1. Out of 38, 12, report the one residue that is within 16 Å of the ligand (Cβ to nearest atom) and surrounded by 15 or more Cβ atoms within 10 Å (Cβ to Cβ).
2. Out of the residues in the stretch 23-35 that are within 11 Å of the chain's Cα centre (by Cα) and over 15 Å from residue 9 (Cβ atoms), which is nearest to the ligand (Cβ to nearest atom)?
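Values in this text are rule-based calculations from the coordinates and carry no lab data. Just so it is clear, the model here is predicted, and its values are computed rather than measured. Neighbour counts run over all protein chains shown; Cβ positions are idealised from the backbone, glycine included.
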Amino acid sequence: MGLGDRHQKKDVEAALKRAERAGLKVTHDKNRHRWGWVICCPCNDFVKVHGTPQSQGNEANKIDRFTESHRNCA
Ligand SMILES: [Zn+2]
């Protein structure tokens, strides 16, 4: 991700960084409500990232669960 692609919520941004470090692909759509996607290329699974989550903690946990379940796909 480039510098302009940071998520405005720091807990979500931290979870996205963990996903990237685990080898997952993070894409940014610049859609107001849907920030983007975290994608596991080997198995083609993905999770949506909200741009304006009601709870940034819950959104970060959702991303972390996805990261953990796909950490060993590659
Ligand atoms: Zn996977």
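1. Going through 38, 12 in turn, the sole match is 38.
2. Residue satisfying both the conditions and the ranking: 24.
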